[in-house]
1. Among the helices (runs of 4 or more DSSP H) lying completely within the range A:61-133, list those that include at least 2 residues that are within 13 Å of the ligand (Cβ to nearest atom), closer than 22 Å to A:T196 by Cα and touching a Phe, Trp or Tyr at 6+ places or on another chain (Cβ under 7 Å).
2. Tell me, please, whether a residue that is of a type in the set (A, V, I, L, M), away from every other protein chain (no Cβ under 14 Å), surrounded by 13 or more Cβ atoms within 10 Å (Cβ to Cβ) and away from the ligand (no atom under 14 Å from the Cβ) can be found in the range A:13-32.
3. Having 1 or more residues that are in the same structural domain as B:K281 (by TED's automatic domain parsing) and touching a residue at least 24 places away in the same chain (Cβ under 8 Å) is the bar; report the helices (runs of 4 or more DSSP H) wholly within the range B:100-198 that clear it.
4. Considering the range A:89-106 alone, what residues qualify as being among the aliphatic types (A, V, I, L, M) and within 14 Å of A:D187 (Cα to Cα)?
5. Does B:K72 qualify as being in contact (Cβ under 8 Å) with a residue 24 or more places away in the chain, outside any strand (DSSP E or B) and charged (D, E, K, R)?
6. For the range B:417-498, give me every one of the helices (runs of 4 or more DSSP H) that falls completely inside it and has 3 or more residues that are of a type in the set (G, A, S).
7. Have a look at B:S723, B:S682 and point out the one that is part of a helix (DSSP H, G or I) and either more than 23 Å from B:V627 (Cα to Cα) or touching a strand residue (DSSP E or B) at 6+ places or on another chain (Cβ under 9 Å) (or both).
8. Only one of these is modelled with pLDDT of 95 or more, under 30 Å from B:K69 (Cβ atoms) and among the small types (G, A, S): B:A143, B:A126. Name it.
Amino acid sequence: MRFQSPESVDEAVALLAADPEARVLAGGTDLLVRLRMGDVAPSAVIDIKRITEMTTIAQDDGGWRIGAAVPSAEMNETAALVTDWPGVTEAADLIGSTQIQGRATVAGNLCNASPAADSVPAMVAAGAVARVAGPNGSRDVPVEDIPTGPGQTSLAQGELVTSIFLPAKPENSGSAYLRFIPRTEMDIAVVGVGITLTLDSAGAVTAAKIALGAVGPKVIVAGDAAKTLIGTTGDDPALDALAAACSAAATPIDDKRGTAEFRRDVTGVIAKRTARIALARAKGEA
Amino acid sequence: MPKDEYQSRDFRIVGTRPVRPDGIDKVTGKARYGADMTAPGMLWGAILRSPHAHARIKSIDTSAAEAMKGVKAVITRADFTYQPESASLADVLDNCMAGEKARYDGHAVAAVAATSKSIARAALKAIKVDYGVLPHVTDVDEAMKPDAPVIEAGRVQENVPEGYSENVTGRSQYGHGDPEAGFEKADLVIERHFTTAATHQGYIEPNACLAQLGADGQGEIWVCTQGHYMVRNTCAGVLGLDAGMLRVTASEIGGGFGGKTHVWMEPTALVLSRKAGKPVKLVLSRDEVFRATGPTASSSIDVKIGMKKDGSITGATATYRLQAGAYPGSIAFLSAMCGFAPYDLKHVRTEGYEVMTNRPKAAAYRAPGAPMAAYPVESVIDELCQKLDLDPLETRLKNAAREGTKASYGPTYPAIGLEATLKAAQSHPHWIAPLGENQGRGVACGFWFNFGGDTCVSLMVNPDGTVSLSEGNPDIGGSRASMSMMAAEELGVDLDQVRTVIADTASLGQNEVTDGSRVTFAVGLATIKAARHAIQIMKERAAMTWGIDPEAVDWRDGAAHPAGPNAGKFPPMTIKEIAAIASNTGGPIAGHHEVTAEGAGVSFATHMVDTETDPETGQVKVLRYTVFQDAGKAVHPDYVEGQFQGGAAQGIGWAINEEYIYGEDGRLQNPGFLDYRIPVASDLPMIEPVILEIPNPGHPYGVRGVGETSIVPPLAAIANAVSRSSNVRLTSLPMSPPKVLAAMKGT
Ligand SMILES: Cc1cc2nc3c(=O)[nH]c(=O)nc-3n(C[C@H](O)[C@H](O)[C@H](O)COP(=O)(O)OP(=O)(O)OC[C@H]3O[C@@H](n4cnc5c(N)ncnc54)[C@H](O)[C@@H]3O)c2cc1C
């Protein structure tokens, strides 16, 4: 196995394009675990942490560009980012533990393509866009279009994610992410819900994006559920309708982490709780 | 009263909280655990395991693996040329390396030794096993049915009634009186069915050893175990070696909780070493630990209890069916003994069934058999209290066993501490603290036998007067600290003058494993007696120096004194002074004691817990937890509290989230700490330990074992709290969110 540390995106793309068995290494908190378990045996490991442009968080066009090699701890150390996108940063703050977050990236969380990845529903709800570099140049892809199923992505041979872009935070908007786990931490989401919503001056919801994690083969954009909120103030009947719509949008299976019925139920419950936090943030209350 | 029985006294050192002697090495990483040892020329071992729950092994082709560069030995069952006569040793052998059949997912079928870990792993992949897959059964009730797939025929004991499959290998019965007549007198009788899941001991250090065995039959093992004498004797028995030719040294140990009171792969390492002619290190992965070392048994239980309106229990029965895994077990009998042990009952009957299934061989886990014994009994008592509007602590006090009570499992109790724990619970502020919405409070009692057993201790007085103490039990709960404290107490010297080590199997006589909460009791007893032996010798040396009769010498404050004015007027001789001239007064000074310790003194606890259940997700949060337990005498209270808290923490895990999950294919689906959910620190509140001291008459300082009882009550205490707050009786463990939510919704 070769270990390579390219110092530019072009170099990384060339290495990846030349070797279909090569793997990108960001924080390694998924990859190294799988290597040790014998699940994967790549011919080469391409470390992206030496590529300067991928290690920075920068303000860009009113939004935020987060390099693909930026550990999630750094996101939470960037106060203005936390103020703009608390839903995304709180999701990143749920990944593993302090030690894990010193390494783990949200781009790695995305490209690992686990249906339960915590930062993914939060990023989707925020309208995040991944910048992908490849042999044919670079392209921007909505985050929800990167994973295609468990462990599968839409990235072509030779492609890698170089950054994640979070758009400018709309006025009077709020974002939040909550997950359900059987324990209090160090666990994998049984249900995860990311919500971003925007209010008008009267306190009615004008826009909402809702993403569900861990209740389908990939992140689910719950469009019908978002519609239930539009025009409401997020009062109890509205949240009950939201919960029902989120439960209906979920497509969970029975597995060792819970029955399908349980997951569907809890999707609604968590959606409701997430929406309450996003509403409060949109009103500037939290 | 003979001096070696309990005597009330004021302690100088016992009961204090000195810094632990193993602490610095452990926190600085210097302590050597099972995987930390290396040897010149050492090879890496690896084990190939069955992917099938039940399969005939038709053939194994190891030729490709043997041909690989760096592979020094490949073994299968054929390399275990000795067949032990005893059935239990034959089972250990077959569990270490499958013979005709693989009996569970993870059963070892071959092993390799190679010059690197990666070569060893690659070699495993090159071994071809031809399996004939057989029907399997991993559920205890299914396994009992007459038409169930049979794991091994011909193992049924005579006491098993007709009508079951051959998987039911043993049945035990306990009790007295006429429970049916007792139920007639009751105002309310409740009968319920309960289940508990298999749970793993969850020790953090995976099993590991470094083994060497020569063609001359001499060998050595460095191993992480709860009992290196057990490892020696079992390996010798399984491989047909002389125990005296094997020298086994115990490493530091990162937890065991009963799971390391057995042999899982040490014979394999020895046979690999014998074949390769080199030392072999074998370290299990977490996946292997879960799949192939013992969890405790899962269970299926029926309990029936009758109660009068005043709270008195009129009759009680329980049937325990415990899953022993791939070999005949003996654990259900312990459940049948423990279930009603806290109560004074006229009419009681219990029975236990030992059931084989296609799962790993069940192993001891902290008070084996007792947590699942108490859980249904304490649940039904709680439900009776609810329905009859009775106070659960008062009701337990009313029925509590006391000195003189004939226990449901036979013996009559001496002085015991159950009442004291219940009364302490009643007067604790926790009992009257207010509860909020969705919150409930549960209480439960628990019992454990405690154990003594074979024990040897040597105590050497060194030329400078310092003291070296050798014990033969791996220090798993602080025994080096406790032994040093008891030796210093008895000798009358400062604690820093005594250092205790865990000696290897060639240095002391036979010692039982560190189990049964026996070490502080039994090794402590032997330590005190070894100190008394050394004191006797030192008194003789002083007497010889003074020219007086040894009977006229007293020992106090670490020195020999003339017993009284008639003995003569001599200045006291300290241990240092006596040691300095030992070569001139008869030679080196050492005390020792060998005993099969009896009188361990049974142990009781009462636990109290507050939980909050999320009505929308079924998630149970533990808010407050208090343990009331009798320690006899707490030698080092920090360690005692640690045992109380640790047992409660493990019980909380068992109650709420831990379980072995098997698929339809009979394979374990959660062999790792992600989906086998032991509690993390943030899942637990501060667990408040309340130590009670009702001296054990069988120990000179009154010590009782404390290590196990604390895991017995939590299952029921939490179930009672959750059932009370959610208004539905929960009867299946773990009370994981999906199960609790379904129960609350009545689905
Ligand atoms: C103890 C522990 C706890 C954890 N807890 C959580 C949790 O609570 N929630 C959660 O969601 N996850 C959790 N994880 C999983 C993991 O930490 C996250 O998925 C993390 O975000 C992965 O990021 P990474 O940078 O470490 O990825 P890596 O391991 O470096 O990479 C992951 C995968 O993505 C690929 N990849 C990485 N970067 C790129 C890129 N820029 N372009 C293309 N492909 C790329 C890699 O080749 C690999 O296949 C946990 C892991 C551990 C070990």
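1. Per the criteria, A:86-92, A:119-125.
2. yes
3. B:117-126
4. A:A91, A:A92, A:L94, A:I95, A:I100
5. No: the conditions fail for B:K72.
6. Passing ranges, in order: B:418-426, B:479-491.
7. One residue alone meets the criteria, B:S723.
8. Criteria check complete, one pass: B:A126.
The values are calculated or read from the model by the stated rules, or taken from the named source; none is laboratory data. Nothing here was measured: the structure is a model prediction, and the numbers come from that model. Positions of Cβ are backbone-derived with ideal geometry, glycine not excepted, and every protein chain shown enters the neighbour counts.
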